[in-house]
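The values are calculated or read from the model by the stated rules, or taken from the named source; none is laboratory data. For clarity, every value in this text was computed on a predicted model and none was experimentally measured. Heads up, the Cβs are rebuilt from the backbone with ideal geometry, glycines too, and the neighbour counts pull from every protein chain shown. Just so you know, the surface numbers come from the protein's heavy atoms only, side chains and all, with ligands and any DNA or RNA stripped out. Shrake-Rupley method; radii C 1.70, N 1.55, O 1.52, S 1.80 Å.
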Amino acid sequence: MTADDYTTEEMMITAIARELRDDELGFVGLGTAARAFTLAVGIPIAAARLAQLRHAPGFSIYWGNLLTPSLDAIPDALLQDAYTRWPAAASPADVGYKIDMVTRGRFDVSFESAPQVDRYGNLNITALGGGSPPKTRLVGCLAQTEHLAFIKRPIIVTDLSRRGFVPKVDFITSVGYLDGGDSRRALGLPGPGPSLCVTDKAIFDFHPASKMMRLRSIHPGFTLEQVLDNMGFEPVIEGEPRPTAPPTAEEVRLIRKVIDPHGTLFQPGSV
């Protein structure tokens, strides 16, 4: 039964959870605060736990220095002290261990967020405005460059806006499909490239030949015109866009009552 009342975040969580498979390992990155934390950390962790509860009990994540943390015991507050006491299969102190796993292809899925995404799924978390020095300096590449280079199914998680969805990013931090077509393959990158882009208004994938972003579904309550008005380029549209399947009443109950009853995963600034 479809839920009558659900939030933007719950729509995104359920859409992502349905893409996750049993016995896969997912990489959850870092989020600074507020909306950035919700997109990069909160939504992916909640989606991972929802997948465990619904259809993929063996799905696990690597977040921070926690390999396979117990998602049935998410701390009330994600502070440093909580990390040291959160039960996990392992807690390697050396970040090189995690990067080694990335480059060896040990991760099936990753969750990526960025203030700029272009028509070919290239991401920018380095600088806005171009030039030297740039107009705005961002957080920097972290390990996102390696994620999109090596991980099997990167999922982009971000809000849809004309400022964020641009024809060409100001700086390529992480290569999606570069200039489209075979240009990514020509670089010799071992990973296949981003698989999905899940936003607050619609879901996109990438056309198999051109590698351009392609509209897959529109969330209930939004129109095609509203989606396009929030993009700086027109995605591939094939036929009449279908609606995104909304959360079920049981999925909403699990998110609110079981997965995140204390509101730990959604920081102030969610919309």
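Within the range 229-256, restricting attention to residues that are surrounded by fewer than 18 Cβ atoms within 10 Å (Cβ to Cβ) and of a type in the set (A, V, I, L, M, F, W, C), the residue that is nearest to residue 181 (Cα to Cα) is 236.
Residues are listed down the side, and each one gets a yes or a no for (1) among the aliphatic types (A, V, I, L, M); (2) closer than 30 Å to residue 143 by Cα:
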position: 205; (1), (2): no, yes
position: 214; (1), (2): no, yes
position: 218; (1), (2): yes, no
position: 223; (1), (2): no, no
position: 247; (1), (2): no, no
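Of the strands (runs of 3 or more DSSP E) contained entirely in the range 142-231, those carrying at least 3 residues that are of a type in the set (A, V, I, L, M) and modelled with pLDDT of 95 or more fall at 153-157, 213-218. Is at least one residue of the range 104-119 part of a helix (DSSP H, G or I), at pLDDT 90 or above and not hydroxyl-bearing (Ser, Thr, Tyr)? No, there is no match, as no residue in the range 104-119 is part of a helix (DSSP H, G or I), at pLDDT 90 or above and not hydroxyl-bearing (Ser, Thr, Tyr).
Table: residues versus (1) at pLDDT 85 or above; (2) open to solvent by less than 40 Å² (accessible area, probe 1.4 Å); (3) under 25 Å from residue 253 (Cβ atoms).
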site: 36; (1), (2), (3): yes, no, no
site: 44; (1), (2), (3): yes, yes, yes
site: 48; (1), (2), (3): yes, yes, yes
site: 53; (1), (2), (3): yes, no, yes
site: 61; (1), (2), (3): yes, yes, yes
site: 65; (1), (2), (3): no, no, no
site: 71; (1), (2), (3): yes, yes, yes
site: 74; (1), (2), (3): no, yes, yes
site: 78; (1), (2), (3): no, yes, yes
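Note on the range 102-152: among residues that are of a type in the set (Lys, Arg) and out of contact with any strand residue (DSSP E or B) (no Cβ under 6 Å at 6 or more places or on another chain), the one that is nearest to residue 185 (Cα to Cα) is 152. Say we look at the range 10-34 and pick out the residues that are open to solvent by less than 20 Å² (accessible area, probe 1.4 Å) and of a type in the set (A, V, I, L, M); which of these is modelled with the lowest pLDDT? In this case the residue turns out to be 28. If I filter the range 152-177 down to residues being in contact (Cβ under 8 Å) with a residue 60 or more places away in the chain and aliphatic (A, V, I, L, M), which single residue comes out as farthest from residue 39 (Cα to Cα)? So the residue we want is 166. Residue selection: residue 91 fails the criterion of being open to solvent by 50 Å² or more (accessible area, probe 1.4 Å) and over 25 Å from residue 22 (Cβ atoms).
Consider the range 120-141 and keep the residues that are open to solvent by 50 Å² or more (accessible area, probe 1.4 Å) and small (Gly, Ala, Ser). The one that is modelled with the highest pLDDT is 129. Within the range 191-212, the only residue that satisfies the criterion of being open to solvent by less than 40 Å² (accessible area, probe 1.4 Å) and of a type in the set (Lys, Arg) is 201. Per the conditions (1) assigned to a loop (DSSP other than H, G, I, E, B); (2) more than 20 Å from residue 19 (Cα to Cα); (3) out of contact with any strand residue (DSSP E or B) (no Cβ under 7 Å at 6 or more places or on another chain); (4) not aromatic (Phe, Trp, Tyr), the sole criterion not satisfied by residue 99 is (1). Considering the range 250-269, the residues that are within 19 Å of the chain's Cα centre (by Cα) and assigned to a loop (DSSP other than H, G, I, E, B) include one that is modelled with the highest pLDDT, namely 260.
Out of 117, 102, one residue alone is over 30 Å from residue 237 (Cβ atoms) and either touching a residue at least 60 places away in the same chain (Cβ under 8 Å) or open to solvent by 70 Å² or more (accessible area, probe 1.4 Å) (or both). It is 102. Condition first: closer than 28 Å to residue 103 by Cβ and basic (Lys, Arg). Can you find one or more residues in the range 32-52 that meet it? Checking the range 32-52: at least one residue is closer than 28 Å to residue 103 by Cβ and basic (Lys, Arg).
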